[in-house]
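Peer 1: Just passing along the structure, written as structure tokens.
The values are calculated or read from the model by the stated rules, or taken from the named source; none is laboratory data. As the structure is a prediction and not an experimental result, all values here were calculated from the model. Note: ideal-geometry Cβ built from the backbone for every residue, glycine included; neighbour counts use all protein chains shown. Side chains included, ligands, DNA and RNA excluded: accessible areas come from the protein's heavy atoms. Shrake-Rupley method; radii C 1.70, N 1.55, O 1.52, S 1.80 Å.
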Amino acid sequence: SLLAFSYTSEEDFRRKRKQMERAVAEKGFAYLPQRNALTPDYDWIVKNSVRDMKETAVRLQSEAKRLGYQDARRFHGMMAAFVQSMPYKMPPAARSDAVGRKIFIGGVTMPLETLYRGYGDCDTKSVLFASILKNFRGTDVVFLAGNRHMFAAVPMEPRMYDSYILLKGKKYLLIELTQPWHLGHVPREHLHALRLKKLEVMHLAE
């Protein structure tokens, strides 16, 4: 319903569309004018979920220390494994609030809700992973989206046979979060899409 409005002139149309874009942005969405549709604002979701994920991040960090995972690769691998262990299932496009009203969520649940539900799909798991990592100072996360899929990348020196991207002279190791893939390894079709430049690179705000 946020996309629907009436107007009396071109100037009125531009003014009301800006109002509409601000309204959807406050709810964690971006407006796509070419399709007259909404898409989740992943940066907004992560930014507004870091605090919610603090306890989870602290517990995972404590477990990593207990296991002796001191280097960055093992630490990131443990965080990824936690997210990968959740069953793959697509969230609904909408959910109902306490009084039964439909709320559009665009098929992406907030990380705290994802933990409660215990499942997620590619972008839901990606924002959960990023929201946990962003609790650690200086953490940098990139999303790669396209070909009906999303996965993540973090700055890390790759090993032999690892897949990575180069951004502003920095290497980012690819991380698939839907299934238990090792760091630096993603399905072949997504590597192919990456080589053909069919994936959008989304650098999350610091």
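Peer 1: Anything in segment 41-58 that is out of contact with any helix residue (DSSP H, G or I) (no Cβ under 7 Å at 6 or more places or on another chain) and touching a residue at least 40 places away in the same chain (Cβ under 8 Å)? List them, or say none.
Peer 2: Hits for segment 41-58 are 43, 47, 48, 54, 58.
Matching residues to (1) in contact with a Phe, Trp or Tyr (Cβ under 6 Å, 6 or more places away or on another chain); (2) surrounded by 13 or more Cβ atoms within 10 Å (Cβ to Cβ):
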site	(1), (2)
103	no, no
109	no, yes
118	no, no
129	no, yes
132	no, yes
138	no, no
142	yes, yes
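Peer 1: Just a yes or no: is a residue in segment 153-160 among the basic types (Lys, Arg), touching an Asp or Glu at 6+ places or on another chain (Cβ under 8 Å) and touching a residue at least 12 places away in the same chain (Cβ under 8 Å)?
Peer 2: So far as segment 153-160 goes, no, none of its residues is among the basic types (Lys, Arg), touching an Asp or Glu at 6+ places or on another chain (Cβ under 8 Å) and touching a residue at least 12 places away in the same chain (Cβ under 8 Å).
Peer 1: While we're looking at this one, here's another question. Mind checking which residues of segment 184-206 are open to solvent by less than 20 Å² (accessible area, probe 1.4 Å) and either among the aliphatic types (A, V, I, L, M) or touching a helix residue (DSSP H, G or I) at 6+ places or on another chain (Cβ under 6 Å) (or both)?
Peer 2: Within segment 184-206, 186, 193, 204 qualify.
Peer 1: Yes or no: residue 82 touching a residue at least 12 places away in the same chain (Cβ under 8 Å), open to solvent by 60 Å² or more (accessible area, probe 1.4 Å) and more than 25 Å from residue 183 (Cβ to Cβ)?
Peer 2: The answer is no for residue 82.
Peer 1: Next question. Determine whether segment 141-164 contains at least one residue that is under 22 Å from residue 196 (Cα atoms), touching a Lys or Arg at 6+ places or on another chain (Cβ under 7 Å), part of a loop (DSSP other than H, G, I, E, B) and not aliphatic (A, V, I, L, M).
Peer 2: Yes; the residues of segment 141-164 include at least one that is under 22 Å from residue 196 (Cα atoms), touching a Lys or Arg at 6+ places or on another chain (Cβ under 7 Å), part of a loop (DSSP other than H, G, I, E, B) and not aliphatic (A, V, I, L, M).
Peer 1: May I pose another question? What are the pairs, 6+ residues apart or on separate chains, where a residue within segment 14-30 that is at positive phi has its Cβ under 9 Å from a residue that is open to solvent by 40 Å² or more (accessible area, probe 1.4 Å)?
Peer 2: 28/41; 28/44; 28/48; 28/110
Peer 1: Identify, please: which residue in segment 14-70 is surrounded by fewer than 15 Cβ atoms within 10 Å (Cβ to Cβ) and among the small types (Gly, Ala, Ser) and is, among those, modelled with the lowest pLDDT?
Peer 2: Among them, the one singled out is 37.
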